[in-house]
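Notes follow the structure.
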Amino acid sequence: MLGNLFKKKKLKNPVDLSGLVTDMHSHLVPGIDDGSPDMDSSVELVREMHKLGYRKLITTPHVSSDIYKNSPETIQDGIAQLQQRISLEGIPVTLQASAEYMIDDGFELLIKENKLQTLGDKYLLIELPYFNVPPNLYDVTFELQIKGFKIILAHPERYLYWYHQMDKFEELRDRGIFFQMNIISLSGQYGGQVKKLAEKLVDLGMIDFLGSDMHNLQYLEIFKASLYEPYLQKIIESSNIKNHLL
Ligand SMILES: [Fe+2]
């Protein structure tokens, strides 16, 4: 009962996502990463995201050198098939594909081979491992910036090795790196520390993009429940969010 007493209030109505226009982080291409398992699930996810107010979905399959060895070809083949089904179903949503790049050893090869898929105006979505900071992080991001890429760091609130080091986040932003928060981080679904860090980053005005990071139908239910979080209202009402520019 005490726990309930201190629980923060939820909103009466879900936050309206239509002002975002675009979602820029999800795993909707079926069967090529840990996201949507099959075409029917993908269609259902696209339909539901459209109902929630999104008009454009830039989906971002994982690319890493160990588990998800996706290439521009595997991603583009997959999105073309999904696009075909979405057109048949008559869902009026624009679909595009980019990628979510893990900063690992293999990533440097992708830069060299010029095999990077951007979103919007040369934005590149990157992610970091959850348990250690990649030793090449600063070198790689600098090299990308020299080449004209604008870097978006996926879900900074999930990198708990920096939980007590806000200066690390400040340093990345000083280096011109944009931050994308996962909407469901605000629900506490990834744990209390992730929720707290997400709220702190919102308070500090450090969040530039909001992503669904949609994976599957179970995830969709958690996502819908997250729309009652007061902090989501707060960030959407701020003028910081740039999703509509993509
Ligand atoms: Fe993701």
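A few points about this structure:
- Prolate/oblate/rounded label for the range 24-101 (Cα gyration tensor, a/c 1.5): prolate
- Note on the range 64-139 and the range 21-37: Cα centroid distance 10 Å, given to the nearest whole angstrom.
- Residue-averaged [θ]222 nm for the chain, counting only DSSP H segments that reach four residues, each worth -39500 (n - 2.57): -11000 deg cm²/dmol
- For 228, 101, the sequence from fewest to most other C-beta atoms within 10 Å is 228, 101.
- Over all other residues within a Cβ to Cβ distance under 11 Å of residue 111, the charged ones net out to -1, with Lys and Arg as +1 and Asp and Glu as -1.
- Put in order of Cβ neighbour count within 10 Å, fewest first, the listed residues 181, 49, 206 become 206, 49, 181.
- If the segment from residue 139 to residue 217 were pulled out straight at 0.36 nm per residue, it would be longer than the present Cα-Cα gap by 24.3 nm.
- Surface/4 estimate of mean projected area, convex hull on alpha-carbon atoms of the chain, nm²: 13.4
- Value of relative contact order over the chain, rounded to a whole percent, pairs C-alpha under 8 Å and six or more apart: 23
- Residue order, fewest to most surrounding Cβ atoms within 10 angstrom, among 184, 32, 222: 222, 32, 184
- Candidate lysines for bridging to residue 200, where Cα separation is under 16 Å - those fewer than 8 sequence places away on the same chain excluded: 8, 168, 234
- For the range 16-237, the dipole from Cβ point charges (+1 on Lys and Arg, -1 on Asp and Glu) about the Cα centre works out to 420 debye, to the nearest 20.
Laboratory data are not the source of any read-out in this text; all were calculated from the coordinates shown. Since we're looking at a predicted model, the values are computed, not measured. Backbone-built Cβ (ideal geometry, glycine too); neighbour counts: all protein chains shown.
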